[in-house]
Amino acid sequence: GASLSLSCSREVALPPRAAMAAGIVISASDLDRIRGSVGGTVDFGGSSGAGARASAKALHDQSLARSKTWGNTLEGSRRKKAEDRKKKLEVEEFDRQKVDAEEAKIQLDQRKATIERANKLLYDESDRIKSFHSKMMMCDVLAEREAQVGLKGELKKLEQIREDRFLEMEKQNYRRMLEREMKEKETKEDLSKMASKAQKHQLAEYKEKRYREIEDQMLEGELLRRKAIEDLEGERSAEHGRRTQAVNAMQETQKANEYLKQIKAEDALRQQREEEKIQEYSVRKEKMLHLRKAKEEEVFQEKQAQRNLMIDAQSKRLSEMQNDEEERVEKQVAEKEASDEAKRLAKGEAQRRWGDDIQKSRAAQIQRKAANRQRERAEDAETAVFLGEWCKVLDKQEQEEIEAKGLAARKLSQEHKKQVEIARQRHESGKRLEEHVSIHARKAIEADTVEFHQYAEVAIKNYAAEGKNVIPLIKELREFRKRVLQ
């Protein structure tokens with residue numbers, strides 16, 4: 001950030017165009033107040049001499065000293081950002097170191113677990129352990145076989161006892177079944193006797209009922225026969241009545257046919273008379289049509305004559321109107337030509353006046369542009385002086401910023417070197433740890449043989465205490481000792 005005093009003094013010294021270019025507008029009261037605070041106007045053109053320059057330099061240094069303590073300026077914000085960046089880097093580095101330490105611990109634990117698991121797998125996958133375990137399994141199988149043989153004998157005894165009990169239960173069930181069958185047989189005989197008595201009683205009732213039904217059916221048949229005879233006689237009388245009615249209807253039909261023939265003869269006579277009347281009407285109508293045509297021809301001739309008279313009168317009126325229209329058109333054409341000539345003359349006069357005004361305006365514009373160019377040259381010269389001083393201030397600020405960035409970069413490089421050194425030390429410690437683990441593994445392998453003998457002796461003792469056959473284990477241990485000696 002530039003100093004406030006220098007900015008104010010330079011703003012006062014700026015010409016109007018430069019002040020507008022910088023985007024600064026100062027009222028007269030503000031200008032007087034600023035002049036009173038800085039002790040006079042600073043003129044970069046050299047009119048006030050060396051004293052003004054010294055005062056401006058002192059005020060500039062004072063402003064720079066003050067601005068360094070400000071946090072709301074551009075330089076202060078840059079400085080704050082650099083400090084925040086540094087703190088952020090330190091916090092991130094601390095977090096990375098913490099994470100690296102945790103990772104190293106986790107990797108160490110994983111490495112130990114892996115080594116222990118590898119030792120366990122190596123121990124269990126070795127040929128001697130596999131062979132010894134197979135012999136132990138054989139001992140377990142032999143012991144299990146003996147236990148199964150004993151269990152089978154016990155199961156046979158239990159099965160025999162179960163068979164005896166089942167046979168006794170079957171005998172008891174058979175006795176109870178015979179007793180139940182005897183009781184059921186006696187009950188069925190009593191029921192059959194009662195059923196035979198009921199069937200005899202039901203048979204007597206059925207015979208009596210059947211006899212009554214047959215008598216009823218015979219009586220009903222006799223009644224139906226009598227009804228059929230009566231119906232036949234009624235049908236015969238009805239048939240005789242229908243025949244009589246049909247004969248009567250035929251006679252009526254013959255009478256109706258004769259009447260229709262008489263009506264048809266009358267209709268034929270009436271139709272002949274109507275045709276004669278139609279013939280007379282057609283003759284009379286032809287006469288009327290001939291007279292109507294003659295009358296229409298006469299009326300047409302009269303209308304045609306009247307139409308010709310009207311056409312002649314209308315053509316005469318049209319010719320008179322056409323002559324009047326031509327005179328009126330010629331008059332309008334003459335008036336139009338006179339009006340166009342007057343407009344042409346007025347337009348020429350207006351164009352001459354416009355040309356004079358344009359020439360005057362061009363001359364005024366040329367003079368105004370020349371004056372503006374002179375004024376702009378003076379303003380550009382003053383602006384160049386101001387910009388030179390301002391560029392110096394900016395260069396100084398940029399140099400300070402570059403130095404601050406270089407310092408931050410050097411610090412960051414030192415931090416990186418520290419991280420590299422920490423990683424190298426961590427790698428060396430891991431290497432030493434692996435060497436230590438490998439030595440420990442060799443010692444463990446050497447002690448494995450002793451441990452195996454101890455494990456085998458304890459297993460043999462335990463199997464012997466449990467009463468299992470330990471001969472395969474002893475043979476396997478002897479074979480292992482022979483292989484070790486070889």
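The values are calculated or read from the model by the stated rules, or taken from the named source; none is laboratory data. Note that the structure is a prediction, hence the values are computed from the model and not measured. Reconstructed Cβ throughout: ideal geometry from the backbone, glycine too, with neighbour counts over all protein chains shown. What goes into the accessible areas is simple: the full protein's heavy atoms, side chains included, and nothing from ligands, DNA or RNA. Shrake-Rupley method; radii C 1.70, N 1.55, O 1.52, S 1.80 Å.
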Scanning segment 350-409 for residues that are surrounded by 13 or more Cβ atoms within 10 Å (Cβ to Cβ) and over 30 Å from Ala56 (Cα atoms) gives Ala408
Just wondering, is there one or more residues in segment 360-374 that are of a type outside the set (Phe, Trp, Tyr), part of a helix (DSSP H, G or I), more than 60 Å from the chain's Cα centre (by Cα) and under 30 Å from Arg53 (Cβ atoms)?
yes
Can you name the condition, by its number, that Lys86 falls short on among (1) open to solvent by 70 Å² or more (accessible area, probe 1.4 Å); (2) in contact (Cβ under 8 Å) with a residue 12 or more places away in the chain; (3) closer than 28 Å to Arg35 by Cβ?
(3)
Neighbours by Cβ (under 7 Å, 6+ apart or cross-chain): first from segment 384-411, part of a helix (DSSP H, G or I); second open to solvent by 80 Å² or more (accessible area, probe 1.4 Å) and aromatic (Phe, Trp, Tyr):
none
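If I go through segment 105-129 residue by residue, how many of them are over 30 Å from Arg432 (Cβ atoms) and either exposed (fewer than 11 other Cβ atoms within 10 Å of the Cβ) or not charged (D, E, K, R) (or both)?
2
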So Met137 passes all but one of these: (1) among the hydrophobic types (A, V, I, L, M, F, W, C); (2) under 30 Å from Glu415 (Cβ atoms); (3) open to solvent by 90 Å² or more (accessible area, probe 1.4 Å). Which condition number does it fail?
(2)
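Could you please find all residues in segment 395-446 being within 25 Å of Val91 (Cα to Cα) and either among the small types (Gly, Ala, Ser) or in contact with a strand residue (DSSP E or B) (Cβ under 6 Å, 6 or more places away or on another chain) (or both)? I'd like the intermediate steps shown before the answer.
Step one: filter segment 395-446 for residues within 25 Å of Val91 (Cα to Cα), giving 401-427.
Across segment 395-446, the qualifying residues are Ala404, Gly406, Ala408, Ala409, Ser413, Ala423.
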Given (1) hydroxyl-bearing (Ser, Thr, Tyr); (2) over 29 Å from Ile474 (Cβ atoms); (3) open to solvent by less than 100 Å² (accessible area, probe 1.4 Å), Tyr211 misses just (3)
Is it true that some residue in segment 420-437 is over 24 Å from Asp140 (Cα atoms), open to solvent by 60 Å² or more (accessible area, probe 1.4 Å), among the polar types (S, T, N, Q) and at pLDDT 80 or above?
yes
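Test Glu379 against the stated conditions and say whether it is touching a Lys or Arg at 6+ places or on another chain (Cβ under 8 Å), closer than 30 Å to Glu116 by Cα and of a type in the set (D, E, K, R).
Working: touching a Lys or Arg at 6+ places or on another chain (Cβ under 8 Å): yes; closer than 30 Å to Glu116 by Cα: no; of a type in the set (D, E, K, R): yes.
When the stated conditions are applied, Glu379 does not pass them.
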